[in-house]
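Engineer: Here's a structure for you.
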Amino acid sequence: MDLEYGCDCNVIHPELVEEISSNMPSSIALDRLADFFAIIGDSTRCRILFSISQHEMCVCDIANVLNMTKSSVSHHLAKLRAAGVVKSIKIGREVRYSLNDSHVSLIYNLGLEHINHTGENHD
């Protein structure tokens, strides 16, 4: 074993291991979290999220902003909606999309802040 990244004993800090183990979210919760990040981890969906974080928008307007087909935008919005990331409201014949809640906006904005902070340095 490379001791730079590991140790040659079983447990150095048993209290710490117990505390963290007992506070670990359930496997179901962690699987849902991983699914959430997978859904928002697509660059096209990130562009959609940015667009609707600025203002409630319809599919046609999103498609124009992103220079995509309405069908493609609708496909991505359906996935985002099924995952609870975006919500829609029907106004007459128009359906407008927005971020589902402040948590989604916070996660998105923190992600952007992190990327801007770290820049190209991935060490």
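The values are calculated or read from the model by the stated rules, or taken from the named source; none is laboratory data. All figures in this text were calculated on a predicted structure; none of them were measured in a lab. Methodologically, a virtual Cβ is constructed for each residue, glycine included, from the backbone with ideal geometry; neighbour enumeration extends over all protein chains shown.
Engineer: Just checking, which of Val17, Val65, Val11 is at pLDDT 95 or above and more than 18 Å from the chain's Cα centre (by Cα)?
Structural biologist: Val65
Engineer: Would you please name the residue that is surrounded by the fewest Cβ atoms within 10 Å (Cβ to Cβ), looking only at residues in segment 76-104 that are closer than 17 Å to Asp35 by Cα and among the small types (Gly, Ala, Ser)?
Structural biologist: Ala82
Engineer: Is it the case that some residue within segment 56-75 is touching a Phe, Trp or Tyr at 6+ places or on another chain (Cβ under 7 Å), surrounded by 14 or more Cβ atoms within 10 Å (Cβ to Cβ) and under 15 Å from Tyr108 (Cα atoms)?
Structural biologist: No, the conditions are met nowhere in segment 56-75.
Engineer: Does Ile40 qualify as being surrounded by 14 or more Cβ atoms within 10 Å (Cβ to Cβ), at pLDDT below 95, of a type outside the set (Asp, Glu) and in contact with a Phe, Trp or Tyr (Cβ under 9 Å, 6 or more places away or on another chain)?
Structural biologist: Against the criterion (surrounded by 14 or more Cβ atoms within 10 Å (Cβ to Cβ), at pLDDT below 95, of a type outside the set (Asp, Glu) and in contact with a Phe, Trp or Tyr (Cβ under 9 Å, 6 or more places away or on another chain)), Ile40 qualifies.
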